[in-house]
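The values are calculated or read from the model by the stated rules, or taken from the named source; none is laboratory data. Quick caveat: nothing in here was measured; it's all calculated off a predicted structure. Every residue, glycine among them, receives a Cβ derived from its backbone with ideal geometry; neighbour counts consider all protein chains shown.
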Amino acid sequence: MRPSRFAAHRALIFALFTFGAFGCQKTASERVIGKWHGVKADGVIADVQPAANEAANGMQLEFKKDVVVIRPAKDKDPLTARYIVLREDRRSVVVVTEHDGARDEQTLTLDDDDTMRWQVLQGKTITFEREKEKNEKAEKAEKAKAGGASSSASAP
């Protein structure tokens, strides 16, 4: 028995959708590329939470193809090191750096495209947010101005 054209058409659409939706997704090591700034620390005791959050807020990371630049605080010199991806999936990547050595694995988990957690110790993480490009920030500011101007112009 020969499949109908309708069934063949549905199969083709399904195959294209599946490839489009799942075949082109980036891996975690591709998604981690960019500049990140620290937001908060998690997993620390309440007494040191404010200090841990302050330290996290001062941290900046920049991942390039095989190099990471770590700035532990805004007033500190950055540390640059090559890194190697040991394993990864869609959400997380495990790397080692030439600076820390092969035994000091670092796990980075992407909660979404703009939020990443770095597991610094078991049960202790620093949450980072992706830094938006200046052009994106300028566009948003322009849209907000235009939106505010048009909404105020339409108000009685």
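I need the full set of residues from the range 113-130 which are closer than 20 Å to Asn57 by Cβ and modelled with pLDDT under 95, in order please.
Filtering the range 113-130 for residues closer than 20 Å to Asn57 by Cβ gives 114-121, 124-130.
Answer for the range 113-130, where residues must be closer than 20 Å to Asn57 by Cβ and modelled with pLDDT under 95: Val120, Leu121.
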Which residue pairs have Cβ atoms under 9 Å apart, sit 6 or more places apart or on different chains, and have a first residue in the range 85-109 that is under 16 Å from Thr127 (Cα atoms) and a second that is assigned to a strand (DSSP E or B) and of a type in the set (Phe, Trp, Tyr)?
-> Gln106/Tyr83; Gln106/Trp118; Thr107/Trp118; Leu108/Phe63; Leu108/Trp118; Leu108/Phe128; Thr109/Trp118
Is it true that some residue in the range 79-90 is modelled with pLDDT of 90 or more, in contact with a strand residue (DSSP E or B) (Cβ under 8 Å, 6 or more places away or on another chain), under 20 Å from His37 (Cβ atoms) and surrounded by fewer than 12 Cβ atoms within 10 Å (Cβ to Cβ)?
-> no
Qualifying positions in the range 95-114 - closer than 21 Å to Glu129 by Cβ and either buried (at least 16 other Cβ atoms within 10 Å of the Cβ) or not acidic (Asp, Glu) (or both) | Val95, Gln106, Thr107, Leu108, Thr109, Leu110
Among the numbered criteria (1) under 15 Å from the mean Cα position of the chain (by Cα); (2) over 28 Å from Gln25 (Cα atoms); (3) not hydrophobic (A, V, I, L, M, F, W, C), which single criterion is violated by Asp114?
-> (2)
Only residues that are free of Cβ contacts under 8 Å to residues at least 60 places away in the same chain and under 17 Å from Ile33 (Cβ atoms): list them for the range 116-125, please.
-> Trp118
